[in-house]
1. State the antiparallel share, in %, of DSSP beta bridges confined to segment 128-252, rounding to the nearest 5.
2. How high is the FRET efficiency from GLU184 to SER216, r the C-beta distance, R0 35 Å, rounded to 0.05?
3. Modelling each spin label as a point 7 Å along the Cα-to-Cβ direction, I'd like the ARG83/PHE112 distance in nm, to one decimal.
4. Tell me the net charge near PHE187. Cut-off is 13 Å between Cβ atoms, PHE187 excluded, with +1 for each Lys or Arg and -1 for each Asp or Glu.
5. Long-range amide H contacts for ILE22: which residues qualify at under 5 Å (H placed 1.01 Å from N, peptide plane, sequence gap of 5 or more or a different chain)?
6. Near the amide H of GLY153, under 5 Å away, which other amide H atoms are found, from residues 5 or more places off or on another chain, if H is placed in the peptide plane?
7. Short version: ³J(HN,Hα) in whole Hz for each residue of segment 35-50, in order, from phi by Karplus 6.51 cos²θ - 1.76 cosθ + 1.60 (θ = phi - 60°), x for Gly and Pro, what are they?
8. With only Lys, Arg, Asp and Glu charged, each at its Cβ (+1 for the first two, -1 for the last two), find how big the charge dipole of segment 85-192 is about the Cα centre; round to the nearest 20 debye.
Amino acid sequence: MSTASTDVRMQPYEVAPETFVIPWVLEAPPVGCFPMNSLVIRGKEPVIVDTGSPANRAEWLANVASVVALEDATWIFLSHDDRDHSGNLLAALDACPNATLLTTWFMVGRMFEEWATPLDRCRFVNDGDAIDAGDRRLVALRPPVFDNPTTRGLFDERTGVLWSVDTFATNLGVPCEHGDDLPEADFCEGQLLGSRLVAAWHPWLDVDKFCGYVQSVEALPISAIAGCHTPTIRGGRIATAFELLRQLPTHQEWQPFTQADLEQWMVMMAGGPPA
C-alpha cells in the first residue's frame, strides 16, 4: 500500500481550490485506523465544516488556524451532533467570534444535553437549503448513509466537492490522503466495512428506494468526495464508491467483535501469546 507519511494525520491538505481537509486519525485495532476529518473552505466567506473531536482539540484549532484566520471565519457548518463532528464546537465559536453556526432545531436540542448552544449565533439549515457564501453556493443534503438523524452533508457548487459526512467511511492500514492511494481490493473492502458499521439498519432497506436516492446524489457534478472517515475520493474511484454503496442493502450484517476477542486482545497487550 502506497501512502503518505504518518505526519499526514496532523497536516491539512488541499483537495480542491481553497478547500482543505483537516485530518486526524483514530487507531482502531484490529482493523487499522479510521480517518477523523473536518474541512475548511477558504473562500470569500470562509466556512469550517464540522469541528473535530475533543481528543485533539488543540491540534485541531491550530490546523484550522493554519488554513484560515479564525476571526475571518464566517460560517461553521455542523453536519450533526456526534462528538467526532461537534466535539470542538464551543471552542470553535469562542475562537471564531464572527462565525454563524449552520445547524438545525433538532441538533441544537440534542446538544442541550451537554451544553447550551448560543441561539443568537445560529442559522437553521435543513436538507435542501442553500447558503450563499459570497463566492459560492453551498447546498445542504442528506447523504445516503448516516448514523445520526440530524445529519446533512454539504455540496459546494463552485468546486464540486461533496462533504459526505459518514457516508464512504473506511478503515485504513495506515493513514493516506486519497482513496486512489489504496489498492482496489483494500478500497472496496474498506468501503463495505465502513458502510455496514455506519448503517446498521442496512438489511431493512428497500433496494429500489435506496438505490434511487444514491443515484440522485451521484448525479451531482461531483469533482471530489471528502468525508469525516474517508480519504478523499476522486477520479474513477467516485463511481466505484457509489457502486459499492448500491450493494449495501444486499450485504450481510457486520459481525461485531465479542468478549472473547476483547480478552484475547488484552492478553496480547500485556505481552502474552495470542490464544
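The values are calculated or read from the model by the stated rules, or taken from the named source; none is laboratory data. In this text, all values refer to a predicted model and were calculated from it rather than measured experimentally. Every residue, glycine as well, gets a Cβ built from its backbone with ideal geometry; the counts of neighbours run over all protein chains shown. Keep in mind that these areas ignore ligands, DNA and RNA; they rest on the heavy atoms of the full protein, side chains included. Shrake-Rupley method; radii C 1.70, N 1.55, O 1.52, S 1.80 Å.
1. Numbers: 12 of 16 bridges.
Taking every DSSP beta bridge with both residues in segment 128-252, the antiparallel ones total about 75 percent.
2. Working: r = 26 Å, r/R0 = 0.75.
The computed FRET efficiency comes out at 0.85.
3. 2.2 nm
4. Working: positive: ARG234, ARG237; negative: ASP180, ASP181, GLU184, ASP186, GLU189, GLU243.
Once positives and negatives cancel, what remains is -4.
5. Here SER38, LEU39, VAL40 satisfy the definition.
6. For GLY153, whose amide H was placed from the backbone, the distant partners under 5 Å are LEU141, ARG142.
7. In residue order, the calculated couplings are x, 9, 9, 9, 9, 10, 9, 9, x, 4, 10, x, 10, 9, 10, 6 Hz.
8. Details: 8 positive and 18 negative charges, 117 e Å.
For this selection, approximately 560 debye.
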